[in-house]
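Taking it in order: structure first as structure tokens, then the write-up.
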Amino acid sequence: MVGRVGSTRRRFPDHGGLSQAALPFSVKAGQFRSTPPRQSLLSAKAGLKPPPASLESSPTPGLISSLDSATIQPVKQRLFVLTTVFILISNGIVGARMIRLWSYQELLDKSDLVVIATPTATNDTQEHIDLPGFHGQPVIGVETKFRVSAILKGDKTLKDFVLHHYRADNKTVDNGPNLISFDPEKKQQFLLFLVREADGRYAPAFGQMDPGLYGINAIGRFTE
């Protein structure tokens, strides 16, 4: 491109065939003039003021993103929990009974007799009832005789005793009781937390519904 000022010829750099309208400056005789950005021209024609430069570095978009993340994340977590609970319920996994767990101190305080003993015989009784406190679970009464090895609480002269407990009668309901049973042939020793019944027999201190959970624990084999 060649410009002419008076009789003096001035050569301008070639812009690859671009027209003067496409250049970011105006070329006139002997002078250069920068052309405003297109956005500024449009704003000027519309009568709008360009945004302040300070807004270009505003932290607002990042702050909004942080707030959105902080709001959406708990919602996602709640939806996940609700979905999981729904799946468990629909598959019959949820529905277990609430059972309060006891400490050993609570068992000790509740008990009339705390003993280490070995079962020597076990027999059914004529008792056929629904388990006390557990409607719909038929049970048979059982008496198991124990020989005492050590007494931790209770009558120190006790040599043997009878434990009154239950076993299921041909039917076990969903989320049923945790009952106990004993095999005298195994000569297994147990640590038992017991309460005395009115007829002189003993019963699990934790109750007849779930004696298999707390208060009757196998601790080793009996040795003569």
Placing unit charges on C-beta atoms (Lys and Arg positive, Asp and Glu negative, everything else neutral), compute the dipole magnitude of the range 177-224 about its Cα centre in debye, rounded to 20. 120 debye
Extension gain from VAL162 to LEU213, taking 0.36 nm per residue of separation minus the Cα-Cα distance: 16.4 nm
About the Cα centre, charge dipole magnitude for the range 104-221 (Lys/Arg +1, Asp/Glu -1 at Cβ), debye: 560 debye
Which pairs, out of LYS145/LYS187; LYS110/LYS153; LYS159/LYS187; LYS110/LYS159, put more than 18 Å between their alpha-carbon atoms? LYS110/LYS159
Given a Förster distance of 22 angstrom, what is the FRET efficiency for ALA150 paired with ASP124, based on the Cβ-Cβ distance and rounded to 0.05? 0.15
Suppose the Debye formula is applied to equal point scatterers at every Cα of the range 138-224; what is log10 I(q)/I(0) at q = 0.17 Å⁻¹? -0.75
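Where a number appears in this text, it was derived from the coordinates with a stated rule and is not lab data. These numbers come from a predicted model, not from an experiment. Positions of Cβ are backbone-derived with ideal geometry, glycine not excepted, and every protein chain shown enters the neighbour counts.
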